[in-house]
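No lab work stands behind these numbers, since they all come straight from the coordinates. Computed from a predicted structure; not experimentally measured. All Cβ positions, even for glycine, are placed from backbone atoms using ideal geometry, and neighbour counts span all protein chains on display.
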Amino acid sequence: MKVQQILATNQEKSTRKTILFLGLILVSVGINYLVPATFSSLFFLFCLVIYFFSDNEPFWLAFFLVLGDGFFGLFGPGKVLQSVIPGLPEVEIIQLYILATLVKAFRQKDHSPPFYYRFLWVLLIYLVFLIVQGYVVGISMELNIQFRLIKSILPLFLLFSIPRLFLKPKDYESCMIYLFPIAFFALGAQIATIATGLQPIYLLSLSAEHVDTFELTDERIYRGFFNVGIVLITTLGALYMLTKKQKSLSTGYLFAVLIANGLSIFLSATRGWIIGFSFIILTYIFFISGVQLKNLIKISFVGAIATLTILSVPELRLQTNNAFKRILTLEAIVEGDLTAKGTLIRLERRVPRVMKKWRESPITGWGFSNEYFTYADGHVGNHNLLLHSGITGALLMGAFFVFFNARIIIRSRNDFIPLEYRNCLLIFSVFFLGWFIIHSTSWQHFSFYQDPNVGLIQGFFFSWAACIYDKAGTERKKTKTPQPIRSLKSFSEVYA
């Protein structure tokens, strides 16, 4: 009974946090779209100042991530801008947030560096080499180009700053509590756009720009995808919190987040994302969670109801049919058709173009040079990494990924660590593999430069994994009796 009271109290606190957070988001929507730009700019700068003197890191990280990644089709990349230096392009507010985190982080004295900290310094040294190489090979010295270079490198330093600011597992969980509702708004934006042919910003009459409309047909599919970063990280968050024994949110709510994310991904008809997400969920169900058959039936039932509801709308039904057709074109690749029945130019056109240029400088690539920016293509992530950093950079980054996952998996197999923490650790490795599939088949996510949204997600992910890694080590010292190795459950164990 006492445990139930604690859970009820935790869920009540989570609800209050969510309401406060969504309230600030709605106020921000009104200020960004309905008041003069000068007042809007002052408001977001004021929020940045409040953050700088605040200790509530989870709240503000979630807030600035929403500004950068979007909310029901509003905000998003390049939408909340600040003019910093006259004559230069405006800066996204999330970039200024990243800068503020660096200042706050390096004022912190009491912190435990993540287990991969030294490896980060190796990557940082190679990053400096790529910058120097870019100037040697040739890069435009125009101020706007130099400014863009700085902005593309800055998000990488979140790998150093977030571990200093988020010190406890609870900090990461709190951030997820704020972000989970955004997953539902992302799905809502996807459904509204497909059903009406208009993005929410036009439906709500919040933009004076030319209205972009589209019409679905049997041959024309909608390829939009809202809140890419938040859909990604809330998938990890929901799986992690499902695995914890003491939950601050109900199991049903967490499953709903996963269903919403799955529907958003499927309705985007993005094959790489569908494959990566499916890998994460199926691996979690079969080898980590130990989900009972009755609970799996409940989840399937809720998912089926949501799917049938969506299919009741003609436009959504047409989008669903087109999405299935697009997924089935992957069979053509297996049969030797690199164009996947004319729906894919990645293998036939993009890869050869990038690799031809890479062969001119295979060892170290082209760095941050004009040559690289001319031939860069994020649609082919691994090939683009080779073009930018060469074999050396690709091997260094690959070694970091192997090191990161190997340490996590080894610790998760330790008998003296409670099973809960071992399974939580495994989630990070499983999630990373699914994420890497997305990087390899859809759009580049791992590189020696980054856009602010993905940079924030990456810094958060690696820091969270390191925090749980340390927590598992602490629990190991408390455990006197070993527990059997059951982190990777067999199929029969799951459904016993």
Sorted by chain and then number, the residues having a modelled amide H within less than 5 Å of the amide H of GLN82, at least 5 places away or on another chain, are VAL91, GLU92, ILE93
Taking the Cα centre of the chain as origin, sum charge times position over the Cβ atoms of Lys and Arg (+1) and Asp and Glu (-1), and report the length of that vector in debye to the nearest 20.
1760
Tell me which GluC sites (Glu not before Pro) from the range 276-365 have a DSSP coil assignment and no more than 14 other beta carbons within 10 Å of their own.
GLU335, GLU360
Add -39500 (n - 2.57) for each DSSP H run of 4 or more in the chain, then divide by its residues: what number comes out at 222 nm, to the nearest 500 deg cm²/dmol?
-22500 deg cm²/dmol
Work from the charge dipole of the chain (Cβ charges, +1 for Lys and Arg, -1 for Asp and Glu, about the Cα centre) and give the residue of HIS383, GLY473, ILE281 farthest towards its positive end.
GLY473
Output the relative contact order of the chain, whole-number percent, from Cα pairs under 8 angstrom with separation of 6+ residues.
21
Ordering of 214-221, 60-67 by packing [mean C-beta count within 10 Å, highest first]:
60-67, 214-221
Separation between the GLN82 and LEU34 pseudo-spin-labels, each 7 Å from Cα along Cα→Cβ, expressed in nm?
2.4
Counting only backbone N atoms under 20 Å from a point 7 Å out along Cα-to-Cβ of LEU124, the residues of the range 365-386 in range are 368
Length-normalised contact order of the range 106-202 in % [C-alpha pairs under 8 Å, at least 6 apart]:
35
Given Cβ point charges of +1 (Lys, Arg) and -1 (Asp, Glu) and nothing else, what value in debye, to the nearest 20, does the dipole of the range 364-461 about its Cα centre take?
360
Hey, can you list the DSSP H helices of the chain whose Cα span along the axis is 24 Å or longer and whose average Kyte-Doolittle score is at least -1.0?
2-34, 117-137, 169-196, 251-268, 293-311, 381-412, 419-441, 452-478
Using 0.36 nm times the number of residues separating PHE301 and TYR117, minus their current alpha carbon distance, what extension gain do you get?
61.8 nm
Taking amide hydrogens as modeled 1.01 Å from N in the peptide plane, which residues meet the under 5 Å criterion relative to HIS445, leaving out close sequence neighbours?
none
Report the one residue of TRP60, SER40, PHE75 whose Cα lies farthest in the direction of the positive end of the charge dipole of the range 13-110 (charges on C-beta: Lys and Arg +1, Asp and Glu -1; origin at the Cα centre).
TRP60
Separation between the LEU24 and ILE345 pseudo-spin-labels, each 7 Å from Cα along Cα→Cβ, expressed in nm?
4.3
Compute the distance in nm between two label points, each set 7 Å from the Cα along the Cα-to-Cβ direction, one at GLN146 and one at ILE410.
4.5
